[in-house]
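Below: one structure, written as structure tokens.
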Amino acid sequence: PGNVTNYGEVNADDMTISPIVPDRFEWDSFTYNSDITSSLWNVAFQGINRANEVIAYTENIDFEADRKTDLIAEAKALRALYYFSLVRAMGGVPLYETPTTGFDDIFTPRASEEEVYNLIISDLEAAATELEGSSAAGRINADVANAYLARIHLYRGEYAQALTHAQNVINSGRYQLLLDYAAVFSPENNNSAEHIFQLQYLSGEQNNGFPGQFGPRMPSGVFPNSFWAGTTVPGSVAPSAEFITENPESYRRTVTISDSYEHIDGVTGTITMEEVFGGEFPYYISKFDDRASELQSGVNLTLFRYADILLIAAEAVNEVDPGNNQKYEWINQVRERARNGIEEDLPNLTGLSQEQFREAVLAERRFELAFEGQRAWDLKRSNRFLTELQDQGKDVMEFMLLFPIPDNQTILNDDLTQNPGWE
């Protein structure tokens, strides 16, 4: 969960560090080091090796053939998702398609980005073909594979392929937007019709720390235990001034960020960010509030939801068939839910030029998917990352579009070259 926020949001333009919590300063100022990047590297390659073990050894186990096929397809999809996390963050990385069995075969040079993407797409296409469209909650199925293929092709600017896979999910008829935007992030609606893929959590047994990253952490001695009853919220991030200013008025905005909250004691009343922080921290990120959890959140972590697919499809059709008005139907479904019956907010889009629609769909993604780990990647794939962040006064240079390979890995592996600029 932490990597979703760090790689996808903290280093972009919509999220900043809470003024009283400097513990993620490196992410905000682009001074990454080995400790920061090692987490993603280690987790991803552990997952890749486990997937390779399933792929390599399952066939030799004596049980139902169809179940073997499904397990291998799921493992390939998981391998693809781990590699996608690595390649878009760091570029080409070592490719392992068989499990490591000793030290002799672990020091592998970097493959090219194209070689990594070829494996990712091949693995996900196999899963989309082999697996059923639906599955038990939290398992990979054909819809999940198609959704990720849509996201990956969109990231690569391969719009026809992105549209095909997004339509596969839409045309399945298995998904729809929840009527209430706030309900999407509630534990009561885990695995709903909007959720294509979620990591599964259960309060008190396997807690989700993601909601705890947000919320207003109080300065020492100021309204202690007012957001949660037993402790102070650990949140260390906040919406940027630009996000607050540019996010248009709508019901969705009121769910996403808030300038106040009700003291949890039910007596004290409303506490405003202005009175606590004197304007330095005017809003907090409220869309993931799980105030009853006390650090034991049972809300699932959403990795893919139907609103994202609708916006991928809308963006892709605008590129391959800009005169096709289907794009308006898809994007306007998202806007209608976001305005929640207030007609003057977020009116339906129509009659836009291709370039105007490009701007509109990226803006819609920004506010619909805010703080869900997509913003940095959207800026990078649309070639806006440097401009947007430099306009905020951040000292970011072109080589920082990629993260560094962890220093400890380049020390251990002489064949592993560092990304330019990070040497």
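The values are calculated or read from the model by the stated rules, or taken from the named source; none is laboratory data. All of these numbers come straight from a predicted model, not from anything done at the bench. Ideal geometry is used to build each Cβ from the backbone, glycine not excepted, and the neighbour counts take in all protein chains shown. The area values use the complete protein model at the heavy-atom level, side chains included, leaving out ligands, DNA and RNA. Shrake-Rupley method; radii C 1.70, N 1.55, O 1.52, S 1.80 Å.
What percentage of all Cα-Cα pairs in region 83-135 are separated by more than 14 Å? Can you show the working numbers first?
On the way: 831 of 1378 pairs.
Summing the P(r) tail past 14 Å for region 83-135 gives 60 percent.
A 1.4 Å probe run over the protein chains yields, for region 33-95, 43 Å² of accessible area per residue, whole-number rounding. Both the radius of gyration and Dmax for region 172-289 are 15.9, 53 Å, in that order, over alpha-carbon atoms.
Were the residues from T58 through I342 laid out at 0.36 nm apart, the gain over their Cα-Cα distance would be 96.8 nm.
Using the Cβ-Cβ distance between Q356 and E246 with R0 set to 30 Å, the FRET efficiency from 1/(1 + (r/R0)^6) comes to roughly 0.95. Over all pairs of different C-alpha atoms, region 167-221 has a mean inverse distance whose reciprocal, the Kirkwood radius, equals 13.8 Å.
Charged side chains reduced to their Cβ positions (Lys and Arg at +1, Asp and Glu at -1) give region 308-388 a dipole of some 260 debye around its Cα centre. Over all orientations, region 358-423 has a Cα convex hull whose mean projected area works out to 5.8 square nanometres.
Would you mind checking the tilt of helix 113-130 against the longest principal axis of the Cα atoms of the chain, expressed as 0 to 90 degrees and rounded to 10? Between the helix axis and the principal axis of the chain, the angle is about 90 degrees. Using the 1.4 Å probe convention, the accessible area of region 261-388 works out to 39 Å² per residue with neighbouring protein chains retained. For the chain, the share of accessible area belonging to carbon and sulfur comes to 48 percent (1.4 Å probe, ligands and nucleic acids excluded). A Cα-only calculation for region 26-144 places Rg and Dmax at 15.7, 53 Å.
Looking at region 307-371, which GluC sites (Glu not before Pro) are in a loop (DSSP not H, G, I, E or B) and have at most 11 other Cβ atoms within 10 Å? Numbers along the way, then the final one.
Numbers: sites: E315, E319, E329, E336, E343, E344, E355, E359, E364, E368; in loops: E343, E344.
Taking region 307-371 and a limit of 11 other Cβ atoms within 10 Å, the loop GluC sites (Glu not before Pro) found are E343, E344.
Annotation note: GluC sites (Glu not before Pro) in region 115-154 located in DSSP loop regions with a Cβ neighbour count of at most 16 within 10 Å are E132. Suppose we look only past 15 Å in the calculated P(r) of region 102-190. What percent of the Cα-Cα pairs does that tail hold? Tail fraction, whole percent: 69. For region 173-259, the set of GluC sites (Glu not before Pro) satisfying both a DSSP loop assignment and a count of at most 16 other C-beta atoms within 10 Å is given as E205, E249.
Expressed as a whole percent, the proportion of Cα-Cα pairs in region 235-306 lying more than 22 Å apart is 31%.
Grab the beta carbon distance between N49 and T417, set R0 = 22 Å, and tell me the FRET efficiency rounded to 0.05. Don't skip to the end; give the middle numbers.
Values: r = 22 Å, r/R0 = 0.99.
So the FRET efficiency works out to roughly 0.50.
Dividing the convex hull volume of the alpha carbon atoms of region 340-390 by its residue count gives 98 Å³ per residue.
Computed from Cα atoms, the angle from the helix 326-339 axis to the main principal axis of the chain rounds to 40 degrees.
Once Rh for region 305-423 is found with the Kirkwood sum over Cα pairs, what is the Stokes-Einstein diffusion coefficient at 10 °C and 1.306 mPa s, in µm²/s?
Numbers: Rh = 16.8 Å.
Estimated diffusion coefficient is 95 µm²/s.
In the chain, Rg over Rh equals 0.96, where Rg is the alpha-carbon radius of gyration and Rh the Kirkwood radius from pairwise Cα distances.
Overall shape of region 243-366 was characterised from the C-alpha gyration tensor. The equivalent ellipsoid obtained from it has semi-axes of 34, 17, 12 Å, in decreasing order. Run the paramagnetic zone check for A229: 7 angstrom along Cα to Cβ, then residues of region 283-309 with backbone nitrogen under 14 Å. Zone members listed by number: 291-296. So the label point goes 7 Å from the Cα of D180 along Cα→C-beta, right? Which residues of region 342-373 then have their backbone N under 16 Å from it? In region 342-373, the label zone of D180 (backbone N under 16 Å from the point 7 Å along Cα→Cβ) covers 342.
With a 1.4 Å probe and all protein chains left in place, how much accessible area per residue does region 193-250 have, in Å²? Could the numbers behind the result be given before it?
On the way: 2340 Å² over 58 residues.
Heavy-atom SASA per residue in region 193-250 reads 40 Å².
Note on region 192-249: semi-axes of the ellipsoid equivalent to its C-alpha gyration tensor, largest first and rounded to whole Å, are 25, 22, 9.
Candidate cross-link partners of K76 among the lysines, defined by an alpha-carbon separation under 23 Å and a same-chain spacing of 8 or more, comprise K68.
Remark: region 309-373 projects, on average over all directions, an area of 4.4 nm² (convex hull of Cα atoms). In region 291-336, the C-alpha radius of gyration followed by the widest Cα-Cα span (Dmax) gives 16.1, 50 angstrom.
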